[in-house]
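Contents: one structure, followed by commentary.
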Amino acid sequence: MDLNLFISLLVRTISLGTPIALVGLGEGFSQKAGPLNLGIIGYLSLGAYVSWVMAYRLQNPWIATIMAMLAAGLLAAFVAFLVVTLNLSQIVVGVGVAFFAEGLVCLLTFIAWPNYLIPTSFNVGVFRTAGIPILREIPFIGEVLFGHHLFVYLMVGIAFLLHYIVNKTKFGLKLRAVGESTAASDAMGINVARIRYIVIIVSGMLCGLAASYMTLVRARAYVLGITGGVGFLALAAIVLGAWKSPRIVLAALLFGFVRSLHFLGQAQRWINIPSEVWQMLPYIVAIIVLMISSIRIGAEAPPELARTYIREDEA
Amino acid sequence: MSTSALAIEMRQIRKVYGRDVVANDGIDFDVRFGEVHCLLGENGAGKSTLMKILFGLVQADEGEIFINGNPVKFLSPSDAINGGIGMVHQQFKLVPSLTVLENIALGLNEKKLGKIESEFGRVCLEYDVDIDKNKKVKDLPAHEQQLVEILKLLCLGQKILIFDEPTSILVGEQIQQLLKRLKEWAKMGHAVVFISHKMNEVLEVGDRISVLRNGKKVACVEGDGIERDKLIELMVGEDFKEYKRGEEKDLSSAEKILQVDNLSVKNQENKFVLEDVSFSVREGEIFGIAGIQGNGQDALVEVITGTNPESIRITDGKIELEGINITGFTSSKIESKKIDLGYIPPKAKDIGVATTLSVKENLLLRGWSQYGNVFVNWRKLYKRADELIEKYNISVPSKEANVSTLSGGNRIKIILARELSRQTKLLVIFDPCTGLDVKSIEFFKKNLLELAKNNNTAILLVSNDLDLLFDVCDSLGVIFRGKVLPYQSSDGSFKMDEITNMMTGGE
Amino acid sequence: MGRKLLSELISTLIIIIIVMIAASLLFMLAGINPIEAIRLIIYGALGRTRGISESLIRAIPITLIGLSVTIAFRAGLWNVGGQGQFYAGAIGASFIALFFPMTRIIHLPLLFIAAFITGGIYAGIAGFLRAYMRVNEILSTLMLNFITLWLTQYLATGPWSDPGRIIVATAFFPDSARLNRLHDTVRVHQGLYLALLCVGIVFVILNYTVYGQKLKVLGANLTAAKYAKINIKKKIVTIFLLSGGFAGLAGAVEVSGVYYCLRNGAFPIEAGYGFIGIGAALMGMLTPVGTLISAVFFGILIAGSSYLKTVVDLHGHTVNFIIGLLIIGMVARHLFRPKIQKFLDKVLFGKKELTERGTSSGS
């Protein structure tokens, strides 16, 4: 394998891993306090649509990104209302919201562009430059480490920020307590609902950011279902990362790497391996990862994960 | 002291659960600063509900609450905490995997962890408490966890302290120490509420005693000079005989049903939870094992009944049931050998029944093969269910009703009915009486003694409730740090002080 | 008991109405006249014999996957991998159909047995991982969904494909491996009988067998299940096998009754049957008969939307927003159903039935 190919493999690993990491960070943050959002799949679809339609209307990718985060956050807030305030099953609501958002996005896309004539990047204000000036000129290292869009560095920043919040702040202490024992936290006077609303909405907003990265930075295009698969792989990355932010990023990069193997296969003309094998590979890896993680770190999952908390009201 | 200011005043509190279960019926209750006020009543008398209302966990249907003379309305525990109320729950509200200090920090508004640490040091000094602040709560023994719970309130500066059955997890010396502390804290100006159904403790510690019965307050008396019998009468409401066991039985020739030989068991962390345990239970014998929680009785019961095979590992020894070696068997494997044992688990009202299923389905639990191997013989079960409901006086709306709609007492009756009626050679019972009222306990004891006498059932009764053990057991062992020691009394009768001494590791 | 059922029905109806109103509003946003849209949906699904047939065709796999979900959810196991097990069953059925031609009376049953086994074993992987390695079954079944999806595409385009066909797919199944149509003019096929038979089987399992009772205890409370002498690990695996088997049958009826081949990529189905099955099972209160009725409802909805698509060029997945709202609505129903029951007690029955709590002092 020549150096150029190796470099582009690494670059792809990072650019494919970044959205998985963003989703995994937000959702891992949420799971640390208990809530499991299968709705991330829906937040992603909605985020992707909003980012594209806003970049098209406003011709400003930054505002479009913020709008995507707000829209996904709003959908997440609706989920929070259902699972925290109304105490509905997180799993069922997650599946329902994923479905709802998918259909809604189809309809909204139809409304925005009848007959699904979606504008291409020529007419849409996407992000066009990437990388840190000067540093990106350094051979090899420059391309691999400094040639990315700002979002990649933002993702790393978010990882450390969330890690700090969870482990070093009072809010993080409360968050861990809620994920560990909700009833005890409630009796201590911790506002369980408030914490769960916050983490679910943060998870939604990071999905919006990830979706925006996928449409406006990576693909510079939008089709229905563009975010497919990312949400599921993020869920596996959280388990592999043992609910710790920096490790979730590394796990996401592993999945980015597996996904970029498809590209490697094409470049090397490994025609004996059909493309479907590359397509299913990340999920096979995900299952293996789940198995390994459960042997090694099974006990580290937040005990209250996916559990609804209803305050005991019995004599 | 009677002139001190009122800390709490609750007026005409009424609470109805569901349609017509009146938990509190117009209760008046007040507490002064500087006193220990005891709330006495049977299980189900309404003590817990009243305190849950005070703590904002449950909202009253009617009535008013005043704290320091100001009317308040607590919608959640955090309201109550802000109102200056501290509550030590029966089940600790601690996060087990966090340290003592982190648990303290969670309860405080202060954000800087350094400040919290110095405040914690000051409180420990002031109240003369010694505890390792960096230990994880799950590594502390129960009485120290309770202390953490209390320290949390003291750090918060709560002047009103409510203790919900705090002595239920303590024994002997530990109880005395807690009661002493309660009195000291009252003297330091706190208002202390002590909830209990144990007469001796209430008499010892109470400045005033309020008695609840069937959701109503029947009396509020001064602690000094009240007679024990008078209190019992107030609490139970009628003349009441405690059941005592009958004549000594000669069991030396009876067949051994359960035989445990040199059993050693390790837990997942590879520590011994049982070491070289040997004992046997004979036909018709009730063998009691006394011990404080956390000394290996969980593992002992689980390994005999085969109910939690993942968490424990047998390193040595043998268990025989009816002459068949069942060492390391899971419950389903025991059943496959065509032998059976009855088992009443701890926290029976939660885990001994599947609450989302119906009464009839719960009567089937554990007795599977009685009613068919592939298809369930519902007709046979229905007939049986009618008999059991009648015999054990279970009040259910119908056999189809979900168990979740039943009271704790009736749930336990279902479990008793099922396990006692299965006529197994061995019955294992673990902490049966938590959550039972006095009458149900008597009913339970009576059934147990009958079963041993009439059916020759071998009964293994594991509990920390010495009153229960003394009343029904033929012989006793004590479990301490994974070892079971036989109790040989000095003169043939059970002695509370001797047993307590063994349970806490003395000679 | 009758009052409970009635209140369930009323609350379900209320949810359906609310969802329909929400859907109408969204249709209006899209510039589609909602009344016209609903008229088209109803006409497309129920208007003609053909419409009813199209609705039933969709109701068949949804029923089977709904049964699969019912079994798993009743046991407290979150099998959300119906989609993947559906494909696994389709692959297993196609394998028998294409490569083992034989007389119809053996071929068809064998094909379904193969689908049941492949679907079951595929779900069994998740069951095994859950039971013996403590891998969360939600995650594993979600991941497994993708693997058979791509495997189906690979087989249909690669080794099993028939180069002679215009579309990329396997060769057509021989007649011996096809479910007959119920009538020449409509597409609905004998799979309907299979679905009804399976409803009966699951009904008996859940209500009249020791296995079904143990399954429900497992779902009610894990600690109670341990206490109830249930071999939990073994039970988890067998429940997944059973659950996956029914989802596998759904795949088989699709290939053997509708397409007569294994096709390129995703089946041209309007939405994932695997997830709609969850909606049907929940709407049916996790009972087999309820699942059947709800599956027919979803079948109508999907067939109707499919017809709507021929008039308004909406993407096929658009109907998912209605399905998603219905799924959420079905769990939200429990919030107000008791109130409706109370109301019914007062108005219709005019009595205040004493519960057990009413007769004792409670605890």
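The values are calculated or read from the model by the stated rules, or taken from the named source; none is laboratory data. Source: prediction; values computed, not measured. Methodologically, a virtual Cβ is constructed for each residue, glycine included, from the backbone with ideal geometry; neighbour enumeration extends over all protein chains shown.
Structure notes:
- Some residue of region B:246-266 being within 14 Å of chain C (Cβ to nearest Cβ), touching an Asp or Glu at 6+ places or on another chain (Cβ under 9 Å) and over 17 Å from residue B:473 (Cα atoms): no
- One residue alone among A:92, A:79, A:84 is in contact with a Lys or Arg (Cβ under 6 Å, 6 or more places away or on another chain), aliphatic (A, V, I, L, M) and closer than 21 Å to residue A:305 by Cβ, and that residue is A:84.
- Each residue in region A:36-54 was checked for being away from chain C (no Cβ under 14 Å) and modelled with pLDDT under 95, and 0 pass.
- Restricting attention to region A:233-258, the residues that are touching a helix residue (DSSP H, G or I) at 6+ places or on another chain (Cβ under 8 Å) and without any contact (Cβ under 8 Å) to a residue 12 or more places away in the chain add up to 1.
- Annotation note: Cβ proximity below 9 Å between a residue of region C:1-24 that is outside any helix (DSSP H, G or I) and a residue that is loosely packed, with under 14 Cβ neighbours inside 10 Å (sequence gap 6+ or interchain) occurs for C:1/B:398; C:1/B:400.
- Residue B:192 being under 11 Å from residue B:35 (Cβ atoms), modelled with pLDDT of 85 or more and in a strand (DSSP E or B): yes
- Some residue of region B:373-388 being outside any helix (DSSP H, G or I), of a type in the set (Phe, Trp, Tyr), within 13 Å of chain C (Cβ to nearest Cβ) and surrounded by fewer than 19 Cβ atoms within 10 Å (Cβ to Cβ): yes
- Just one residue in the set B:352, B:328, B:367, B:323 is surrounded by fewer than 21 Cβ atoms within 10 Å (Cβ to Cβ), among the small types (Gly, Ala, Ser) and within 12 Å of chain C (Cβ to nearest Cβ); that residue is B:367.
- Test: residue in region C:56-74 that is without any contact (Cβ under 8 Å) to a residue 12 or more places away in the chain, of a type outside the set (D, E, K, R) and assigned to a helix (DSSP H, G or I): no
- Here the helices (runs of 4 or more DSSP H) wholly within region C:174-259 that include at least 1 residues being away from chain B (no Cβ under 14 Å) and either of a type outside the set (Gly, Ala, Ser) or closer than 30 Å to residue C:52 by Cβ (or both) are C:191-208, C:232-253.
- Residue list for region B:408-457, restricted to those being at pLDDT below 80, among the small types (Gly, Ala, Ser) and assigned to a helix (DSSP H, G or I): B:408, B:409, B:440
- Neighbours by Cβ (under 7 Å, 6+ apart or cross-chain): first from region C:128-156, more than 9 Å from chain A (Cβ to nearest Cβ) and closer than 14 Å to residue C:244 by Cα; second in a helix (DSSP H, G or I) and of a type in the set (Lys, Arg): C:137/C:130
- Looking across B:48, B:78, one residue alone is surrounded by fewer than 19 Cβ atoms within 10 Å (Cβ to Cβ) and either under 26 Å from residue B:236 (Cβ atoms) or at pLDDT below 90 (or both). It is B:78.
- Against the conditions (1) within 14 Å of chain C (Cβ to nearest Cβ); (2) in a helix (DSSP H, G or I); (3) more than 28 Å from residue C:280 (Cα to Cα), residue A:109 satisfies every one except (3).
- Residue selected from region B:202-226 under the condition within 14 Å of another protein chain (Cβ to nearest Cβ) and in a loop (DSSP other than H, G, I, E, B), by the criterion nearest to residue B:47 (Cα to Cα): B:215
- Of the residues making up region A:71-95, those that are farther than 18 Å from residue A:227 by Cβ and either β-branched (Val, Ile, Thr) or at the interface with chain C (Cβ under 7 Å from one of its Cβ atoms) (or both) are A:82, A:83, A:84, A:85, A:86, A:88, A:89, A:91, A:92, A:93.
- Flag for residue B:399 being assigned to a helix (DSSP H, G or I), over 21 Å from the mean Cα position of the chain (by Cα) and closer than 30 Å to residue C:201 by Cβ: no
- All of (1) buried (at least 24 other Cβ atoms within 10 Å of the Cβ); (2) under 19 Å from residue A:249 (Cα atoms); (3) of a type in the set (Val, Ile, Thr) hold for residue A:50 with one exception: (2).
- Region B:389-422, residues that are of a type outside the set (Gly, Ala, Ser), away from every other protein chain (no Cβ under 14 Å) and either in contact with a Leu (Cβ under 9 Å, 6 or more places away or on another chain) or under 29 Å from residue B:295 (Cα atoms) (or both): B:416, B:420
- Going through (1) within 14 Å of chain A (Cβ to nearest Cβ); (2) of a type outside the set (Lys, Arg); (3) buried (at least 21 other Cβ atoms within 10 Å of the Cβ); (4) touching a residue at least 24 places away in the same chain (Cβ under 8 Å) one by one, residue C:312 falls short only on (3).
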